[in-house]
Every structure is written in structure tokens, then in C-alpha cells.
Amino acid sequence: NAMSIEEARTKSEMAGITSDFEQYAGIELDMNKLEETLKKEINDFEKMMANIGSVNLRALEIYDAVEKEYGVLLDKKKVLLGERDSVVQLMNEIEANKKGLFIQTLTIINDEFRRIFLQLMTKGEAYLELENREDPFAGGLHINVKISGNKFLDIRCLSGGEKTMTALSFLFALQENDPAMFYVLDEVDAALDKHNCEKLAKLIRSYCTKAQYVVISH
């Protein structure tokens with residue numbers, strides 16, 4: 001009877017130990033560590049779990065809400081990226097068309113500039129030149145003038161009267177391309193002699209059938 005009782009007690013104890021170890025099924029046991037070391041590690045991990053605090057029971061609910069919001073943001077991002085690509089493509093098309101239109105307009109203005117320059121100046125030649133032909137908007141525009149000799153000069157190298165006539169030739173060339181209805185010229189003949197003043201007045205008179213001119217003169 002005593003042996004049967006002891007056997008039953010031992011089986012019950014083994015069943016309890018087996019039940020406790022079921023949660024560690026499949027985990028390889030480290031049999032090389034001392035019991036004191038294992039107890040210390042267990043104690044440290046238990047303290048770590050205690051410091052973590054209680055479990056947030058709404059964590060899954062919050063996660064679902066955040067995940068849904070994240071999905072909405074991803075969809076918006078996808079739409080915005082598509083719109084950005086469309087805008088970039090449109091900008092590239094505009095840039096290409098802008099360059100072509102600019103070169104075309106500059107060619108027309110340059111032709112008018114050379115023609116009007118010859119009306120105001122009995123001798124010489126002038127033309128417009130881009131600093132950067134490949135990328136016109138990355139540089140400026142030069143006005144090259146040849147009054148006498150074979151060398152073209154920048155407009156800054158000319159005399160006051162020559163600068164005035166050249167600048168007026170450029171302004172009238174712009175007017176030919178994009179005419180307005182009303183113009184005011186304030187003492188543009190200040191640096192001109194009588195002969196050049198007469199040529200300028202004759203040119204302005206020829207434009208008076210197309211627009212109204214107010215000229216302030218000496």
C-alpha cells in the first residue's frame with residue numbers, strides 16, 4: 001500500500017512537471033549552464049517583463065486602424081507620384097516648345113533688327129547673338145555692331161549716338177514682332193546729331209499709321 005501511494009504521488013508530480021515543460025516543447029535545452037546561472041537569467045528576464053508593463057489589450061485594434069490609414073496614405077502617394085510624373089512630362093514638353101518658339105521669335109526679331117539698323121545707320125551692320133545657343137535661357141544676348149572696318153564690336157564699345165541708334169533699332173524690331181497701340185519716347189535723341197535726329201524722326205513718322213507716338217525731344 002505504501003509503495004502504491006508513493007508511486008501515485010510520483011506519477012502526479014511527474015505529470016505536473018511534464019505539464020510545466022509543455023510550453024518549452026521543441027526548445028533545445030542548454031545542459032551546460034549551472035542552475036545558479038539559469039536562475040539568475042530567469043530572474044533578469046522576469047524583471048524585464050515586469051518593467052515592460054501590462055499588455056495593451058487595444059493594441060490589435062489600434063494596429064488595424066493605423067494599418068488602414070497607412071494603406072490610404074500609400075494610395076495617395078501612388079496618385080501623387082503619378083501626377084508628379086505627368087507634371088514633369090508636361091514641363092519637359094513646355095521647355096522643348098519654349099526653346100523652339102524662343103529661337104523662332106529671336107530669328108524674326110534679328111532679321112527686323114538688321115533691316116531697321118540699316119535704315120538708321122547709312123553704313124555698318126548689326127546682329128543679335130545668343131551667349132549659349134544650346135541652352136538659350138542659361139545665358140544672355142549680345143548685340144554685335146560693325147560701324148566701320150571688318151570687326152564686330154559689342155554695343156558697350158560704341159559712342160553715345162551709335163548706342164542710341166542701335167538700341168532704337170532693337171526696340172523697333174521688338175515692336176515689329178509684338179506691336180502696341182501707344183508709345184512714349186522720352187528724349188531718345190539726346191545723344192544724336194541733327195542728321196541722325198532727322199532719320200529717326202522719319203522712321204517714327206512711318207510707324208504713325210499703325211500706332212500713336214508721343215515723343216519728348218530737345
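Each of 138, 121, 71 was placed along the dipole of segment 1-155 (beta-carbon charges, centred on the mean Cα), and the one lying farthest toward the positive end is 121. When a 1.4 Å probe is rolled over the protein heavy atoms, the share of accessible surface on the chain that falls to carbon and sulfur comes to 58 percent. Projecting the Cα positions of 168, 49, 87 onto the charge dipole of the chain (unit charges on Cβ atoms of Lys, Arg, Asp and Glu, taken about the Cα centre) puts 168 furthest along the positive direction. From the alpha carbon centroid of segment 144-170 to that of segment 46-91 is 67 Å.
Holding the Cα-Cα limit at 25 Å, pick out from 78/98; 123/151; 98/123 the pairs that are longer than that. Flagged as over cut-off: 78/98; 98/123. Dividing the summed helix terms, -39500 (n - 2.57) for each DSSP H run of n ≥ 4, by the number of residues in the chain produces a 222 nm estimate of -21500 deg cm²/dmol to the nearest 500. When the Cα convex hull of segment 108-152 is projected onto planes of every orientation, the mean area is 3.5 nm².
The distance separating the Cα centre of segment 1-28 from that of segment 184-218 comes to 119 Å.
Put a plus charge on the Cβ of each Lys and Arg, a minus charge on the Cβ of each Asp and Glu, and nothing anywhere else: the dipole of segment 78-218 about its Cα centre is then about 400 debye.
The charge dipole of segment 1-130, taken about the Cα centre with unit charges on the Cβ atoms of Lys, Arg (+1) and Asp, Glu (-1), comes to about 1140 debye, rounded to the nearest 20. To the nearest 10 degrees, how steep is helix 35-52 against the longest Cα principal axis of the chain, on a 0 to 90 scale? Compared with the principal axis, the helix lies near 50 degrees. The residues of segment 57-202 expose on average 70 square angstrom of accessible surface per residue, using a 1.4 Å probe on protein heavy atoms.
The local environment of residue 162, defined by Cβ-Cβ distances under 15 Å, has a net charge of +2 under the rule Lys, Arg +1 and Asp, Glu -1. Net charge in the neighbourhood of residue 141 (other residues with Cβ under 9 Å of its Cβ; Lys, Arg +1, Asp, Glu -1) is -2.
Taking the Cα centre of segment 7-64 as reference, the dipole from Cβ charges on Lys and Arg (+1) and Asp and Glu (-1) amounts to some 160 debye. If you take Cα Rg over 2.2 N^0.38 Å from the coordinates, which of [x] 1.02; [y] 1.09; [z] 2.69 do you get? Label [z] holds the value from this structure. With Cβ to Cβ distances under 14 Å as the rule, what net charge do the other residues near residue 21 carry (K, R +1; D, E -1)? Combined, the nearby Lys, Arg, Asp and Glu give -4. Couplings 3J(HN,Hα) for segment 126-141, derived from phi with the Karplus relation 6.51 cos²θ - 1.76 cosθ + 1.60 (θ = phi - 60°), are 8, 7, 9, 9, 6, 5, 10, 5, 5, 10, x, 7, 8, x, x, 10 Hz, where x marks Gly and Pro.
The values are calculated or read from the model by the stated rules, or taken from the named source; none is laboratory data. These figures come from a predicted structure and were not determined experimentally. Ideal geometry is used to build each Cβ from the backbone, glycine not excepted, and the neighbour counts take in all protein chains shown. For the accessible areas, the whole protein counts, side chains as well, though only heavy atoms, and no ligand, DNA or RNA atoms are used. Shrake-Rupley method; radii C 1.70, N 1.55, O 1.52, S 1.80 Å.
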